[in-house]
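Each remark here refers to the structure printed beneath this line.
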Amino acid sequence: MEQIKIAVIGLGYVGLSLARLFSTKYKAVGFDMNQRRMDVLMAGHDSTLEVSDELLQDAIHNHGFKYTTNLEEIKDCNFYVVAVPTPVDVNNRPDLQPLWSASETVGKVISKGDIVVYESTVYPGVTEEECLPIVERISGLKFNEDFFAGYSPERINPGDKEYTVEKIKKVTSGSTPEIADLVDKVYNSVLVNGTHKATSIRVAEASKIIENSQRDVNIAFMNELAKIFNAMGIDTNDVIEAASSKWNFIKLNPGLVGGHCISVDPYYLIQKAQVYGVLPRVMSAARRLNDGMGDYVANQLIKLMNKKGVLVRDGNILLLGITFKENCPDIRNTKVMDIYSTLQEYTSNIFVYDPWANTDRVEHEYGIELSTQDIDALKGKFDAVILCVAHNEFKNINIRDFLSSPNGVVYDVKGILDKTIIDGRL
């Protein structure tokens with residue numbers, strides 16, 4: 001254990017958090033090909049806001065943690081952790097290119113006796129069937145003879161300051177019983193709440209993907225209920241509060257399902273299931289339902305505007321929030337864009353304000369210019385306002401102040417506003 005030197009490949013919100021944590025116990029190096037990202041990190045700042053400047057600077061100055069884009073600087077490591085994204089393509093098919101590239105990187109630096117642990121969310125079998133053959137081919141070493149592997153799925157929740165990386169209970173696994181024990185010990189040594197050692201790499205892979213798939217299905221059920229109760233003229237939140245009085249009711253709320261995990265990971269299992277001749281009907285239906293909620297919200301707003309005699313065509317509409325969840329800057333796969341796209345069919349006067357999102361990234365990713373005015377300067381200018389994201393900054397504002405007339409429409413996607421001041425909500 002004392003001789004372990006760790007290299008974390010991929011320094012996004014997962015890899016950086018994990019690498020910083022490992023540096024408190026082991027010699028650790030972070031590797032990423034993005035030089036701009038490296039420059040910002042070496043200055044002691046994480047643009048994802050997952051790791052505080054204080055912790056970053058402590059890791060650099062007091063624990064010898066360093067970042068690099070140079071492969072030579074990770075060749076002397078013996079414990080490699082891969083934490084790269086696992087997205088889907090435009091047809092929602094798994095895109096393993098980042099994992100393939102990272103595996104090639106590992107193959108160039110891994111030595112006899114070393115271990116590589118994958119953290120990226122995948123369907124069962126990817127580590128052993130897709131990644132390790134690449135490591136073998138590039139390195140010339142033989143898996144489970146010359147080098148070994150493990151899988152420990154990431155569980156970081158962006159923006160969550162309570163369940164930070166050191167407090168997360170991690171699932172671990174290894175390619176042999178001895179390696180499984182070693183991988184488990186390494187992770188256990190830096191985690192407050194310990195680990196769960198899975199019986200195999202495939203079990204560990206499957207455990208991660210059903211965590212997010214289960215949540216996707218549960219939220220889809222709540223979204224379907226919201227549609228039903230809205231059609232009946234019943235307040236969905238009131239129904240949920242009443243049902244929550246039963247001791248074993250699982251309380252969830254309807255909403256937009258975006259981001260990098262819940263809205264993406266189920267497609268990996270859906271695709272793999274069909275290879276085995278199983279059609280995952282529940283998961284597939286949940287994905288379709290959740291992917292359609294942005295369009296549903298936009299159309300609900302349009303109906304409310306029509307009912308109140310507010311002209312939708314060329315109307316001024318304000319969207320509060322564009323990140324995929326509250327109190328974090330992550331805009332990946334945000335479903336607020338679905339609201340925006342539907343409304344854009346009726347008006348080009350759509351303004352988006354978000355104090356958490358990076359304006360340059362939003363413009364690059366979605367072609368939208370965020371409003372950079374002070375929030376008070378937006379008051380009294382809009383025919384309709386949608387609260388899309390429950391940032392803390394939005395919880396204590398008088399949302400009707402943004403309307404240009406008392407007849408304007410307010411729609412609450414997140415269900416956090418006083419229902420006496422809004423016109424509709426999920």
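The values are calculated or read from the model by the stated rules, or taken from the named source; none is laboratory data. Nothing here was measured: the structure is a model prediction, and the numbers come from that model. Counting neighbours? That spans all protein chains shown, and the Cβs are built from the backbone with ideal geometry, glycine included. These accessible areas exclude ligands, DNA and RNA; they are computed on the full protein's heavy atoms, side chains included. Shrake-Rupley method; radii C 1.70, N 1.55, O 1.52, S 1.80 Å.
Is there any pair linking a residue in the stretch 25-37 that is farther than 15 Å from GLU73 by Cα to one that is not in a loop (DSSP other than H, G, I, E, B), with Cβ under 7 Å and at least six apart or on different chains, and which?
The qualifying pairs are TYR26/LYS5; TYR26/ILE6.
Among the residues of the stretch 304-321, count how many are assigned to a loop (DSSP other than H, G, I, E, B), open to solvent by 20 Å² or more (accessible area, probe 1.4 Å) and not aliphatic (A, V, I, L, M).
5
Taking the condition assigned to a loop (DSSP other than H, G, I, E, B), within 22 Å of MET33 (Cβ to Cβ) and open to solvent by 10 Å² or more (accessible area, probe 1.4 Å), does THR121 pass?
Answer is no for this residue.
Can you pull out every residue in the stretch 145-161 that is in contact with a helix residue (DSSP H, G or I) (Cβ under 7 Å, 6 or more places away or on another chain), touching a residue at least 40 places away in the same chain (Cβ under 8 Å) and either outside any strand (DSSP E or B) or open to solvent by 10 Å² or more (accessible area, probe 1.4 Å) (or both)?
Those that are in contact with a helix residue (DSSP H, G or I) (Cβ under 7 Å, 6 or more places away or on another chain), touching a residue at least 40 places away in the same chain (Cβ under 8 Å) and either outside any strand (DSSP E or B) or open to solvent by 10 Å² or more (accessible area, probe 1.4 Å) (or both): SER152, PRO153, GLU154, ILE156, PRO158.
Determine if the stretch 322-337 includes at least one residue that is in contact (Cβ under 8 Å) with a residue 60 or more places away in the chain, of a type outside the set (S, T, N, Q), open to solvent by 60 Å² or more (accessible area, probe 1.4 Å) and assigned to a loop (DSSP other than H, G, I, E, B).
Looking for residues that are in contact (Cβ under 8 Å) with a residue 60 or more places away in the chain, of a type outside the set (S, T, N, Q), open to solvent by 60 Å² or more (accessible area, probe 1.4 Å) and assigned to a loop (DSSP other than H, G, I, E, B), one finds at least one in the stretch 322-337, hence yes.
From the residues in the stretch 98-114 that are open to solvent by 10 Å² or more (accessible area, probe 1.4 Å) and hydrophobic (A, V, I, L, M, F, W, C), which one is farthest from ASP76 (Cα to Cα)?
Here the answer is TRP100.
So which residues in the stretch 355-395 are open to solvent by less than 50 Å² (accessible area, probe 1.4 Å), part of a loop (DSSP other than H, G, I, E, B) and either out of contact with any helix residue (DSSP H, G or I) (no Cβ under 8 Å at 6 or more places or on another chain) or of a type in the set (Val, Ile, Thr) (or both), if there are any at all?
Result: ALA357, ILE368, VAL389, ALA390, HIS391.
Taking the stretch 238-266, which residues are assigned to a helix (DSSP H, G or I) and farther than 19 Å from LYS325 by Cα?
Within the stretch 238-266, ASP238, VAL239, ILE240, GLU241, ALA242, ALA243 qualify.
For the stretch 24-65, how many residues meet the condition of being basic (Lys, Arg) and surrounded by fewer than 17 Cβ atoms within 10 Å (Cβ to Cβ)?
So the count comes out to 2.
Based on what the data block shows, is GLU166 outside any loop (DSSP other than H, G, I, E, B), open to solvent by 30 Å² or more (accessible area, probe 1.4 Å) and either of a type outside the set (A, V, I, L, M, F, W, C) or touching a residue at least 40 places away in the same chain (Cβ under 8 Å) (or both)?
Judged against the criteria, GLU166 is a match.
Quick test for you: out of ASN78, ASN92, pick the one residue that is out of contact with any Leu (no Cβ under 6 Å at 6 or more places or on another chain) and open to solvent by 50 Å² or more (accessible area, probe 1.4 Å).
Result of the check over ASN78, ASN92: ASN92.
Could you list, in sequence order, all residues of the stretch 401-419 that are in a loop (DSSP other than H, G, I, E, B) and open to solvent by 10 Å² or more (accessible area, probe 1.4 Å)?
The answer is SER404, SER405, PRO406, ASN407, LYS414, GLY415, ILE416, LEU417, ASP418, LYS419.
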